[in-house]
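Asker: Shown below is the structure under consideration.
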Amino acid sequence: MARIMLVEDDLTMVTLLKTLLGMEGYQVVALSIDDDVVESVLNDRPDVLLLDVHLANANGLDVLDKIRHHEETRDLRVVMTSGLNLELECKHHGADDFLLKPYMPDDLLKILEQNLNYS
């Protein structure tokens, strides 16, 4: 069972994503906004990180930079999300994929499958 880690500050979105991904057979770990993302990735070892760009207490791009610069997390598959079209900026920072909010569940599932099957 693939592990997906969510870093999202919208609690409604977290609930919806946990339900959707759980129904699709994924194991989901949702971080609180105060959690250290790099430390959590090191401890939980997710297969894919779903990371919002605009967080209440942090900038998702800064979090992504930390992930990419840490030796043990740099190869983690990261899908960034935002209500603004920041795909180029996210990919410049090292995101593997980007989803523009609001997105359809099928679009999320397709991107997750692509990242889980990445070789």
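Asker: Exposed loop sites here are GluC sites (Glu not before Pro) in DSSP loop states with at most 12 other C-beta atoms within 10 Å. What is the longest stretch of the chain lacking them?
Answerer: After excluding every exposed loop site, the longest remaining stretch is 1-70.
Asker: Something else about it: At 1.4 Å probe radius, can you tell me the per residue accessible area of the chain in Å²?
Answerer: Ligands and nucleic acids excluded, the figure is 56 Å² per residue.
Asker: Let me ask something additional. Show me, for the range 35-40, the HN-Hα J-couplings you get by feeding each phi into the Karplus relation (A = 6.51, B = -1.76, C = 1.60, θ = phi - 60°), rounded to Hz, glycine and proline as x.
Answerer: 6, 7, 5, 4, 4, 5
Asker: How much length, in nm to one decimal, is gained on full extension between T15 and D36, taken as 0.36 nm per residue of separation minus their Cα-Cα distance?
Answerer: 5.5 nm is the gain from fully extending T15 to D36.
Asker: For the chain, report the % of Cα-Cα distances exceeding 19 Å.
Answerer: 39 percent
Asker: Also, I was wondering about something else. With both bridge residues required to lie in the range 1-100, what share of the DSSP beta bridges run antiparallel, to the nearest 5%?
Answerer: Working: 1 of 18 bridges.
Antiparallel bridges make up about 5 percent of those DSSP assigns within the range 1-100.
Asker: Straight-line reach from K66: which lysines have a Cα under 17 Å away, not including same-chain ones fewer than 8 places off?
Answerer: Qualifying lysines at Cα under 17 Å: K91.
Asker: Then there's this: Would you grab the residues whose amide H sits under 5 Å from the one on R77? Only those 5+ places off in sequence or on another chain, please, with H modelled 1.01 Å from N.
Answerer: Those lying under 5 Å, H to H, from R77 are L49.
Asker: A further question follows. Under 14 Å between alpha carbons, and skipping anything fewer than 8 positions from K110 in its own chain: which aspartates and glutamates qualify?
Answerer: Output for K110: E24, D96, D97.
Asker: Summarise the accessible area of the chain (1.4 Å probe, protein heavy atoms) by the percent that is carbon and sulfur.
Answerer: Of all accessible area on the chain, carbon and sulfur atoms account for 50 percent.
The values are calculated or read from the model by the stated rules, or taken from the named source; none is laboratory data. As the structure is a computational prediction, the values presented were derived from the model and not from experiment. Glycine gets a Cβ as well: all are built from the backbone with ideal geometry, and neighbour counts include every protein chain shown. Keep in mind that these areas ignore ligands, DNA and RNA; they rest on the heavy atoms of the full protein, side chains included. Shrake-Rupley method; radii C 1.70, N 1.55, O 1.52, S 1.80 Å.
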